[in-house]
Each structure stands twice: as structure tokens, then as C-alpha cells.
Amino acid sequence: VLARTPILAAARSRRLRHLVAAAPVTSEVVRRFVAGEDDAAALAAARALTARGLAVSLDLLGEDTTDAALATATADAYVALLRRLADAGLTPAVEVSVKMSALGARLDPALGLEGARRVAAAARDAGTTVTVDAEDHTTTDATLAAVAALRRDFADVGAVVAAQLRRTEADCRDLAGPGSRVRLCKGAYAEPPSVAFTGRAQVSASYARCLAILMAGRGRPMVATHDPALIDLAGRLADRLRPAGEPPHEFQMLYGVRAAEQDRLAAAGACVRVYVPYGSEWYGYLMRRLAERPANVLFFLRALGDPS
Ligand SMILES: Cc1cc2nc3c(=O)[nH]c(=O)nc-3n(C[C@H](O)[C@H](O)[C@H](O)COP(=O)(O)OP(=O)(O)OC[C@H]3O[C@@H](n4cnc5c(N)ncnc54)[C@H](O)[C@@H]3O)c2cc1C
């Protein structure tokens, strides 16, 4: 957590972006976390993961769209992807994740919602679901309002909440109703202490409180973490709190992170979904993954040829 703020601040520099994008070895680093640039690569990754008994959520990379045409094109791309997934027989094991800002929500909330509706309708036609990613805290109210609006027509749209935000325990209470799919993650954005817990232990404690609320609720908890202590806790809370007859929780992890643990949990009978990003707009995503873990920055610097 301490290293994250400077790394995410540096990531906003144009010079760094050019350096990273131009470095020849960058592609190797990107490949660890990103499935590829196009639909074909996304489908190939989805096929390989489902063959291992894992479920998948595909994320077309892109965020903070400030161009209405690009926002519309992003929704179109999701619609086309969902058709291809259904044609390939990959649904319902494969769903999609979407960012409201990629659909133009910052530019115009109505445009974002219209795009999200088209994606949700295409997901339903394809026999699968869509989950709306959490972005930084300035977007939380608008994103959760969009999810609520979508759920009036598409009840299985997934919400995402970030345990690092102080508000999230209350959001979990609101979201723990029947059938509600809720992904709980720690939160990937650098947030100010006025709205967020900033110490690792505090974030984990918040995650545990939120998880207990979701497990005791009547929705579908989606436990998105690689943290071994929280994965253990999820199993124990499920045994203690899960109401009879409600769907079991699922685990979610990122493509390229703790693959052996993904297989271990699936072999033990859990539903495990891998979040698989693809597309050419990988910069922001990659920077958040590097910021999460100093070892990833070292991995990255080594790949760039830095002797340190
Ligand atoms: C399926 C999924 C969906 C997500 N969706 C969102 C979202 O919509 N919005 C959002 O803000 N955030 C999202 N996140 C990111 C999340 O908020 C965290 O930033 C991220 O998962 C790291 O936190 P952690 O819970 O794994 O715990 P950490 O304490 O960061 O990690 C625990 C352990 O996991 C391993 N690990 C974790 N991250 C990495 C990594 N990058 N590389 C290698 N090893 C690692 C390490 O062994 C580490 O010690 C998502 C995460 C997952 C798994």
C-alpha cells in the first residue's frame, strides 16, 4: 500500500507512458497480465481456462473514455465479443466485466448507461452475465446507481465494491439482497485517507467485515482476492453464515496471478473465476498491477534491462 501511491502518480506521466509503450521488452511484461490484443486472443485464453475447469470474466481494456464515438465502439465490441462467446459454446462459463468509464459514463452518464444496457442485453442473449467493475471513489455513487438501474431489467448484473473504501460496509448491506451478485475486492486505486483505509491491516479488516455481510446475505458473494488469509476466511464464514439454499460463493483471481492456487481451489470443488483483460489499452491496468506488489516492479525493471 505504501509503494502504491508514488507508482500510480508516476504512471500518470506522459513520458513514462511513452517509455513503457516503446520499450521492446514491455510486451513480455504485458503478456503476463493481459491475454492479448484482440477477440481471438481473448477466446483462446477463455478456452484454455475453461478447459482447466475455471470460469472466466473477460475485460476489454480501456477506461476514462472522453470520446463518444470510442465509447459507442467499446459497447459494440462487447456485443460482438458476447456473440462470439455464445457461438463458441463458451457461455455461461465465460462472462464479461465492463468499466462504466470505458462506456463513456464520465463524459455523459446517459451514454454510459445506454452502452451498459446494450452489453447487458447481449450478455443475456448469449446466456451469460456482465459485472460492472469498481473504479476510483469519485465514480462509486454513479456506478452503483447504474448497476441498480440495469438490474431492473437484468437482475443478474454484478456489482463490485472495494473494501478499502470506508463506505463499502454500508454498500455491502445495501447489496446483499436475494440474487445479488457482488464482487468484493480490496480496491486497486490510490485513494485519500478521508474516504479510504490506507493500512494493509485496516483494509483486510474491512474486507473481512464486508465478506461477513455478503456471506450472511442472500446474494452471490464473489470473493476477489489472492490473499491466502482472506481466502481461508471465506471458507470459514461460508460454513458459519451462509443461509441454507442460497448459492455458494465463488472465488475470483486475476489472469497471471497465483494460477496454481486457482487450480487448487477448483480441484477442491470451489467455483473459481479468472478475470482476463485483453485489448490494446493495457497501460492503466498494468500500472495498477505493478503498484500492487513491489516484486512486480522488480520483474518489470528486470524486463526493461535495468541492472538493479
Ligand atoms: C477478479 C478480480 C477483479 C477485480 N476487480 C477490481 C475492480 O473492479 N476494481 C478495483 O478497484 N480492483 C479490482 N480488483 C483488484 C483488487 O482491488 C486488488 O487491487 C488486487 O486484487 C490485489 O489485492 P489482493 O486482494 O489480491 O491482496 P494483496 O494483499 O494485494 O495480495 C495478496 C497476495 O496475492 C498475490 N498478489 C496480489 N496481487 C498480485 C499481483 N498483481 N501480482 C502478483 N501477485 C499478486 C501476492 O502473493 C500477494 O501477497 C480485482 C481483483 C480481482 C482478483
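Read-outs throughout are calculated quantities, based only on the coordinates presented, and are distinct from any laboratory measurement. Source: prediction; values computed, not measured. With ideal geometry, Cβ positions are generated from the backbone for all residues, glycine too; neighbour counts draw on all protein chains shown.
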Quiz item: Rounded if a/c is under 1.5, else prolate if a/b beats b/c, else oblate: with a ≥ b ≥ c from the C-alpha gyration tensor eigenvalues square-rooted, which is segment 65-134?
Solution: prolate
Quiz item: Expressed as a whole number of Å, what is the distance separating the alpha-carbon centroids of segment 39-91 and segment 248-267?
Solution: 20
Exercise. Rounded, prolate or oblate: pick one for segment 86-237, where a ≥ b ≥ c are the square roots of the eigenvalues of its C-alpha gyration tensor, a/c under 1.5 means rounded, and failing that, prolate if a/b is larger than b/c, else oblate.
Key: oblate
Quiz item: Ranked highest first by the average count of other Cβ atoms within 10 Å around their residues, in what order do 41-49, 66-74 fall?
Solution: 41-49, 66-74
Practice problem: Please compute the net charge surrounding Thr72, taking Lys and Arg as +1 and Asp and Glu as -1 over other residues with Cβ under 12 Å from its Cβ. | Solution: -3
Quiz item: So what are the chain's ellipsoid semi-axes, whole angstrom, largest first, if each one is the square root of 5 times an eigenvalue of the alpha-carbon gyration tensor?
Solution: 27, 24, 21
Exercise. Using R₀ = 30 Å, calculate the FRET efficiency as 1/(1 + (r/R₀)^6) where r is the Cβ-Cβ separation of Leu301 and Arg236; round to 0.05.
Key: 0.20
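Extension gain Ser280-Arg200, at 0.36 nm per residue separation less the Cα-Cα distance, in nm? Intermediate results must be reported in sequence, preceding the final value.
Numbers: separation 80, 0.36 × 80 = 28.80 nm, distance 3.15 nm.
My answer for the length gained is 25.6 nm.
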Quiz item: Which of Thr129, Gly89, Leu113 sits closest to the plus end of the dipole of segment 71-146, meaning its Cα is farthest towards the positive end, when Lys and Arg get +1 and Asp and Glu get -1 on the C-beta?
Solution: Gly89
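Over the chain, what relative contact order in percent results from Cα pairs under 8 Å that are six or more residues apart?
24
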Self-check item: Cβ-based charge dipole, the chain, positive-most Cα from Gly177, Thr140, Pro193
Solution: Pro193
Quiz item: If you take the beta carbon distance between Thr5 and Arg167 as r and set R0 to 22 Å, what does 1/(1 + (r/R0)^6) give as a FRET efficiency, to the nearest 0.05?
Solution: 0.65
Self-check item: Only Lys, Arg (+1) and Asp, Glu (-1) charged, at Cβ; the chain dipole about Cα centre in debye
Solution: 700
Self-check item: Percent antiparallel among DSSP beta bridges (both partners in the chain, rounded to 5)
Solution: 5
Quiz prompt | Radius 13 Å from Cβ of Asp108, net charge of other residues (Lys, Arg +1; Asp, Glu -1) | solution = -1
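Scale the Cα Rg of segment 1-141 by the rule-of-thumb value 2.2 N^0.38 Å and send over the ratio, two decimals. Before the final figure, lay out each step's value.
Numbers: Rg = 16.4 Å, N = 141, 2.2 N^0.38 = 14.4 Å.
Normalised Cα radius of gyration, segment 1-141: 1.14.
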Self-check item: Rg followed by Dmax, in Å, when segment 156-264 is reduced to its Cα trace
Solution: 13.3, 40
